[in-house]
Every structure is written in C-alpha cells, then in structure tokens.
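Notes follow the structure.
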Amino acid sequence: MTSGRSGPGRFDIAVAGCGVAGLAVALWLHRDGHRVTLFERFAAPRPVGSGLLIQPTGRAILRTLGLEAALLARGARVDRLIGQADGRVVLDVRYAALRGGQHAVGIHRAALFDILHDAVRADGIVVETGRTVIGQERARLRFDRGGAGPFDLIVDAMGARSPLAPDGGRALDYGALWADLDWAGDFAPDALAQRYRRASQMAGILPIGTPRAGAGPHAALFWSLRADALADWRAAGLAAWKRSVLALWPATAPLLDQIDDADRLTFARYAHRTLRQPVAAGLIHIGDAWHCTSPQLGQGANMALLDAYALALGLRRGRTIADGLAETVRLRRDQIGLYQALSRLLTPLYQSDGVAIPWLRDRVMGPVSKCWPLTIAQAALVGGMVGSPLSRLGLGVER
C-alpha cells in the first residue's frame, strides 16, 4: 500500500505493546516511511481476551490498512444489538438505521490479532519479544533487563496498566467472565444478544466467526460479575454459576454444557481513566494507555484503531514530532472526551447495584429509544460515529 505521507524526514519510533493499538500504529508508521521497532513483553506476541465488536469506525481504519476483507472473512457480521429484561426488549440497536449499509463485525480477539500480526510480519517490521518495559527516560525505553534507544518517539500502546502512564484511574466495580465456545443453540447469528436482571446480572452472546482455520462458527459468552465477588464465585463452583445463568436465560444451556472447568472462563477487570496530558517530550500514549473505560459501548479496540490512524496523520501534518503529537491530540480529544462521558453515564444502566436506574431503563428509556430519530442516534452512538471521528480523520462523513 502506498504512503500518503507528506511531512518531514523519517523518524526512529519505538512502539511498546503488541495489542490492537500497537500493531495498527506500527503498520501505519512503517508504511509512512518511519523506522519502527515493536517491543512486546511476552516471549511470543499473543492476545488476551475473548470476543469484541469492530464497529463501522474500526472497519474504516482496517480498510485503510487493506485488512477489512480479512476481518470480514474471519469475523461474523452483526446487524443488531438486542437486550431483554423480564421479557421486555429494552435495547434494540439496528445498524440499518445508519446510511451506507453499515454493520459491525464480531470477532475473537485472537483472530483480530492474527490479522494485524500477519500484516506486521509481511511488512518486515522488527518485533523484539521478551522485553518487559518498566519505564522510559531521555528517549530510551528501560526494560527489566537492559534498555533500548534513543528514539525520536516512543508510542505507549501497553494498555490500561501501562508502566509508562501515570496512575489515577478508577477501578470499576463490575468486570465480566468471558468464554470462547462453539456456536450452539437457537440464537440469531447476526446479533449481539443480552439478558438483564436489574443491572446486577447480565449475560451476553456475541457471534465471533471462526477464530482458527478449519474451525466452525464460535460464540463469546460473557457474564457480568462484581470484581469483589470473584473469590466467592470460584468458591461456589461452576454448578452454582450455571444455575444462575440458566435462571436468567435458559436458552444458554447448549453453551454452558461446553464449560466443564472454571479455566474455560477468563475474568476481565475494567477501569475508567483519561490522561489529561497524553503526550510528553518524545512520548505519546494511545488506546487504553490514554483512555480506558467499561467496554459497555464496545469501543475499546475501535478507539485504539482511531488513535493509531490519528497519530500517523498527525506526524504527516506536523513539521516536528511535537507538532505531530499536538495534531494527534487535537484530532482525537473531543470524541474521546465525549465517549468517556457517555460511558460514565450509561454504564450504571447495565452494570450497577441500584434498583431505580434499571427500572428507568426498562420502563422509560427502552420504549422511547425505539422512536425515530432516537433509533438513528442510538445506532450512531453504538457504532462509534457520534463526534464524527472519521470525517475528522478525512475518512468519510458519518450519517
């Protein structure tokens, strides 16, 4: 793919972290002519987690990398998000409300990782593994053993617990148990489906395509759980948990039957944080290292992809690295602030211990959200299009 770069000369750039943000930004910066080295703490790069939803915004970024076709081949098309509580439909988001034939793609995090990592290898980008970053100073990265640099720029893509980012985030009360399972049961193959009991219990099923070559379709099953209840959950055992899930959603039985060991489930913890200053001299934080929150809106990977492209665009436009980083922040700050605020507002509707808030969700917000033009606004919100992030990056105009 040809570069659209028009800025100054090439830079030596270190990218710390081989997640979605790190792999994507390495591809863009390498293709723009910079000398890029990726550093990863694991002996071999690997993903952590289960299913995720790539929204129209994330699809647009992957399209610019020439990777959307691979995404569509490995993932599952998702046209609708539907949530029910006590037999009522309280969430019904249809991407058809948006113009342009929009839809999301459910995919296993490992499959998305493979798509990006294969592209990094094909491009010949240097990846140094077994390098645990513990800090940085004077344009150099410090590892648990040795260091590297100096670099013109260090890109921190190490996630919410990055050792390069200052503390200050707030751990959220609720996390989620995730399992990757063979698709089974009578579920819509093109919908993310959820069931709620108040806001303290939530189960979800997301179609995620084929995580591995030769595999059949898979589903990601998730269950909302308070982080401080994890030990009690383990002590109670799988049978007790399965009874709770079945009581909420009996149709999950064919999926639950596949879980014969607690190790089939991974617990994900979440935090809310936005760095006031995501840049310093020769350093920028992107993705969850800059901003993290509950995944309720499903925006983590999509926001990381937007950050990656914005950094490439900022460096093209800037006369200096400092100018490029300032432009990156300008391109992204408004939408990040908006979605962080929306997450704070909406997360208690689906993950909290209250009674009044879910009552309001079920009796008032659910019915009202089915009315035009809120159907369009709701689809734009879930699709990541509020704040027009793509048009700000010159990638199209959201509707």
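The values are calculated or read from the model by the stated rules, or taken from the named source; none is laboratory data. Keep in mind that this is a model prediction, so the values were computed, not measured. Cβ placement follows ideal geometry from the backbone for every residue including glycine, while neighbour counts extend to all protein chains displayed. Just so you know, the surface numbers come from the protein's heavy atoms only, side chains and all, with ligands and any DNA or RNA stripped out. Shrake-Rupley method; radii C 1.70, N 1.55, O 1.52, S 1.80 Å.
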Once you keep just the Cα pairs under 8 angstrom separated by 6 or more residues, what percentage relative contact order results for the range 333-399?
29 percent
Is the C-alpha gyration tensor of the range 320-395 telling us rounded, prolate or oblate? Criteria: a/c under 1.5 is rounded; beyond that, a/b larger than b/c is prolate, otherwise oblate.
oblate
Quote the Stokes-Einstein diffusion coefficient, in whole µm² s⁻¹, for the chain, based on the Kirkwood radius over alpha carbon pairs, a temperature of 37 °C and a viscosity of 0.692 mPa s.
151 µm²/s
Longest principal axis of the chain (C-alpha) makes with the long axis of helix 300-317 (C-alpha) an angle, in degrees to the nearest 10, of 20 degrees
Could you work out how far apart the two model spin labels at Arg88 and Ala271 are, taking each label as a point 7 Å from the Cα in the direction of the beta carbon, and quote it in nm?
3.7 nm
Largest first, what is the accessible-area ranking of Arg363, Arg59 with a 1.4 Å probe?
Arg363, Arg59
Determine the sum of side-chain charges near Arg131: Lys and Arg each +1, Asp and Glu each -1, restricted to other residues whose C-beta is under 10 angstrom from that of Arg131.
-1
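Tell me the per residue accessible area of the range 1-141 using a 1.4 Å probe; a whole number in Å² is fine.
Accessible area per residue, the range 1-141: 40 Å².
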Percent relative contact order for the chain, counting Cα pairs under 8 Å at least six residues apart, stands at 22 percent
Looking at the range 253-350, which trypsin sites (Lys or Arg not before Pro) are DSSP coil and have at most 14 other C-beta atoms within 10 Å of their C-beta?
Arg269, Arg276, Arg319
Rh by Kirkwood over Cα pairs, then Stokes-Einstein D for the range 247-399 at 1.567 mPa s and 4 °C, µm²/s:
71 µm²/s
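What does DSSP give for the chain in terms of the percent of beta bridges that are antiparallel, rounded to the nearest 5? Walk me through the numbers on the way to the answer.
On the way: 48 of 69 bridges.
Percent antiparallel among DSSP bridges in the chain is about 70.
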If each residue of separation counts as 0.36 nm, what is the full-extension length gain between Lys242 and Ile376 once their alpha-carbon separation is subtracted?
44.6 nm
Looking at the P(r) of the range 207-261, how many percent of alpha-carbon pairs lie beyond 12 Å?
72 percent
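So if I place +1 on the C-beta of Lys and Arg and -1 on the C-beta of Asp and Glu, and nothing else carries charge, what would the dipole magnitude of the chain be about its Cα centre? I want it in debye, nearest 20.
For this selection, approximately 800 debye.
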Efficiency by 1/(1 + (r/R0)^6): what FRET value for Arg319 and Ala235, r their Cβ-Cβ distance, R0 = 56 Å, to the nearest 0.05?
0.40
On C-alpha positions alone, give me the angle between the axis of helix 238-248 and the longest principal axis of the chain, in degrees, nearest 10.
70 degrees
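Which whole-number percent gives the relative contact order of the range 267-329, counting Cα pairs below 8 Å spaced six or more residues apart?
Over the range 267-329, the number comes to 28 percent.
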Using the charge dipole of the chain (Lys, Arg: +1 at Cβ; Asp, Glu: -1 at Cβ; taken about the Cα centre), state which of Gly394, Ala239, Ala44 has its Cα farthest towards the positive end.
Gly394
Lys, Arg +1 and Asp, Glu -1 on Cβ, resulting dipole of the range 156-240 about Cα centre, debye, nearest 20:
200 debye
Lys and Arg at +1, Asp and Glu at -1: neighbours of Tyr350 with Cβ under 14 Å from its Cβ sum to +3
Anisotropy class of the range 274-314 from Cα gyration tensor, a/c 1.5 cut:
oblate
Projected onto the charge dipole of the range 89-215 (+1 at Lys/Arg Cβ, -1 at Asp/Glu Cβ, origin at the Cα centre), which of His108, Val133, Ala160 gives the Cα projection farthest towards the positive end?
Ala160
Rg (Å, one decimal) plus Dmax (Å, integer) for the alpha carbons of the range 150-226?
18.0, 56
Set the Förster radius R0 to 30 Å, insert the Cβ-Cβ distance between Ile357 and Gln258 as r into 1/(1 + (r/R0)^6), and round the FRET efficiency to 0.05.
0.35
Positive-end residue, the chain charge dipole about Cα centroid, Cβ charges, pick of Gln277, Phe267, Ala188
Gln277
So the carbon and sulfur contribution to the accessible area of the chain, 1.4 Å probe, in percent, is 53 percent
